[in-house]
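In what follows, a structure is listed as structure tokens, so that the remarks can point back to it.
The values are calculated or read from the model by the stated rules, or taken from the named source; none is laboratory data. From a predicted model like this one, the values you see are computed outputs, not experimental measurements. Backbone-built Cβ (ideal geometry, glycine too); neighbour counts: all protein chains shown.
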Amino acid sequence: MLIGRVVGNVVSTQKNVKLEGSKLLLVQPLDLAGEPRGTPVLAIDGVDAGPGDRVLLVQEGRAAQLVLGLGTAAVDAAVIGVVDAVEQSD
Amino acid sequence: MFLARVVGTVVASRKDDGLVGTKLLVIQPLRPDRTASGPPLVAVDSVGAGVSEEVFYVRGREASFPFLPAEVPTDAAIIGIVDHWNVG
């Protein structure tokens, strides 16, 4: 899992049938310093997250499919938590 | 999944039987500000996308799922055409 920040959402009318009704978030992965890391990812929202939220992001098909709850589906990323705090030891 | 723009098509007469009848598109992954993110790749289309459209695609094993029960040997599939996205 990665920690990321929700930076937006995507609207798509014409899409895979199993994605109908699910919210698609744009999530910017972050490093532990909170700086952007790589390209923003489109993820299924499993926890009703919104723009600005710091979230837990999975980038693995099986996990994303469990969030969707529809068996095999063409998804490879999901938001599975809203992060309250991260503590780091030095 | 990632955002991308369709930038071309691929024609392959000799190919794996599982790819027969599929549409192969060249896509350029995008950041939300529409700048390119990494090199282009070839993806199988599952939603009727065309050149210049903004789409999103899935990578890995899951890329073959839109075509079930057909077994399409692909590692990338376009699964949606983007109407728009909002940032901020």
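Search the range B:1-20 for residues that are within 14 Å of another protein chain (Cβ to nearest Cβ) and under 30 Å from A:ALA78 (Cβ atoms) and pair each with any residue that is modelled with pLDDT of 95 or more and surrounded by fewer than 13 Cβ atoms within 10 Å (Cβ to Cβ) when their beta-carbon atoms are under 6 Å apart and the residues are at least 6 apart or on different chains.
B:VAL6/B:VAL51
What is the residue count in the range B:39-59 for residues that are facing chain A (nearest Cβ under 9 Å), closer than 10 Å to B:ALA4 by Cβ and touching a Ser or Thr at 6+ places or on another chain (Cβ under 9 Å)?
2
Mind listing just one residue for me: the one in the range A:12-44 that is without any contact (Cβ under 8 Å) to a residue 12 or more places away in the chain and among the β-branched types (Val, Ile, Thr) and, of those, nearest to B:VAL44 (Cα to Cα)?
A:VAL17
I need every pair where a residue in the range B:60-82 that is within 9 Å of another protein chain (Cβ to nearest Cβ) and among the polar types (S, T, N, Q) has its Cβ under 9 Å from the Cβ of a residue that is in a strand (DSSP E or B) and buried (at least 19 other Cβ atoms within 10 Å of the Cβ), sequence separation at least 6 or different chains.
B:SER64/B:VAL44; B:SER64/B:ALA77
Before we move on, is A:VAL67 facing chain B (nearest Cβ under 8 Å) and either in contact with an Asp or Glu (Cβ under 7 Å, 6 or more places away or on another chain) or within 20 Å of A:LYS18 (Cβ to Cβ) (or both)?
Working: facing chain B (nearest Cβ under 8 Å): no; either in contact with an Asp or Glu (Cβ under 7 Å, 6 or more places away or on another chain) or within 20 Å of A:LYS18 (Cβ to Cβ) (or both): yes.
The answer is no for A:VAL67.
What's the number of the only condition in (1) surrounded by 21 or more Cβ atoms within 10 Å (Cβ to Cβ); (2) of a type in the set (Val, Ile, Thr); (3) out of contact with any Phe, Trp or Tyr (no Cβ under 9 Å at 6 or more places or on another chain) that A:VAL86 fails to meet?
(1)
If B:THR9 satisfies all but one of (1) modelled with pLDDT of 95 or more; (2) among the polar types (S, T, N, Q); (3) outside any strand (DSSP E or B), what's the number of the condition it fails?
(3)
Go through the range A:29-57 residue by residue and tally those that are in contact with a helix residue (DSSP H, G or I) (Cβ under 7 Å, 6 or more places away or on another chain) and not in a strand (DSSP E or B).
Going through the range A:29-57, the residues in contact with a helix residue (DSSP H, G or I) (Cβ under 7 Å, 6 or more places away or on another chain) turn out to be A:44, A:46.
Applying the additional criterion that residues be not in a strand (DSSP E or B) yields A:46.
Residues meeting the conditions: 1.
So in the range B:32-85, with the set limited to residues that are in a loop (DSSP other than H, G, I, E, B) and in contact with a Pro (Cβ under 6 Å, 6 or more places away or on another chain), which one is surrounded by the fewest Cβ atoms within 10 Å (Cβ to Cβ)? Walk me through it before giving the result.
Initially, the range B:32-85 is screened for residues in a loop (DSSP other than H, G, I, E, B), giving B:32-35, B:37-40, B:46-53, B:60, B:68-75, B:82-83.
Cutting the leftovers down to in contact with a Pro (Cβ under 6 Å, 6 or more places away or on another chain) gives us B:32, B:37-38, B:46.
Details: B:PRO32: 19, B:SER37: 17, B:GLY38: 12, B:SER46: 25.
Only one residue fits best here, namely B:GLY38.
Could we say that A:GLU20 is within 14 Å of chain B (Cβ to nearest Cβ) and either of a type in the set (Ser, Thr, Tyr) or under 28 Å from B:THR35 (Cβ atoms) (or both) here? Before the answer, list the steps.
Values: within 14 Å of chain B (Cβ to nearest Cβ): yes; either of a type in the set (Ser, Thr, Tyr) or under 28 Å from B:THR35 (Cβ atoms) (or both): no.
Spelling it out, it is not the case that A:GLU20 is within 14 Å of chain B (Cβ to nearest Cβ) and either of a type in the set (Ser, Thr, Tyr) or under 28 Å from B:THR35 (Cβ atoms) (or both).
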